[in-house]
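All of the numbers you see were taken from the coordinates with simple rules; none came from a lab. This one's a predicted model, so the numbers in the text were calculated from it and none came from an experiment. Neighbour counts are summed over all protein chains in view; Cβ atoms, including those assigned to glycine, are modelled from backbone coordinates with ideal geometry.
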Amino acid sequence: MHTDVCKMTISLSVTSSSVSSAMLRACKVDTVTVSNLKQLVENAKSNTVMYLNKGKYELETNMLYYMTKDERKIIDKNVVETKSIGGQLFFSGLENFQLIGKKGSKVVSKNPAAVALYVVRGKNLKFSNLTVTTEVDGNIDLSYISNCQNVELERCNFDGGGTYGMYLSYVEEIKLKSCNISNCTAGALKIHKA
């Protein structure tokens, strides 16, 4: 889907599946509330419902906020060489994970070359009430979701700076409900084999 409209509200369901409380009840789930990026990284793991307290979560240009099913860490790109780029929340391999923004919480990337929200190889994921934006104009997508199954985005705002607000690639069972995507140079949503 490509659109020349700079702002649009999306309600899209590729299938009727959704991430629900029933799915999460099937496994032991931790609930945690975080107030900074260090807490977010330390607590982002499978079988977790995470709430972001009100505040601005600034993704620094040289820092990679890295969360996989096996490890969680903040990587200083000036100290450790990594193929990943700084200034992004990088989630990989998480299952049964929810990230819920409380009113007034905002994730902000400061790197014009970074995808602010990067999600790969996940299953049963839900992102709701999130605002993801950038403070600099860039030439890359604001959010990227790839090789995931059963993903739900609800009442999320993706604002500006990037070519597309959201890029979906090889995603099975995605549901977007009442999401706003605005101020992106190429369009709101790009779908590749989803």
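Things worth noting here:
- Positive contributions from Lys and Arg (+1) and negative ones from Asp and Glu (-1), summed over other residues with Cβ under 15 Å from the Cβ of Tyr51, come out at +4.
- Near Ser109, the amide H atoms lying under 5 Å from its own belong to Leu59, Thr133, Thr134, Glu135; only residues 5 or more places off or on other chains count, and H is placed 1.01 Å from N.
- For region 42-48, 3J(HN,Hα) per residue [Karplus equation, 6.51 cos²θ - 1.76 cosθ + 1.60, θ = phi - 60°, Hz, x = Gly/Pro]: 5, 9, 7, 8, 4, 6, 9
- Amide H contacts of Tyr164 (H built 1.01 Å from N, under 5 Å, at least 5 apart or other chain): Asp141, Leu142, Ala186
- Amide hydrogen proximity for Leu99: with H placed 1.01 Å from N in the peptide plane, the residues at 5 or more positions away or on another chain lying under 5 Å are Met50, Lys126, Phe127, Ser128.
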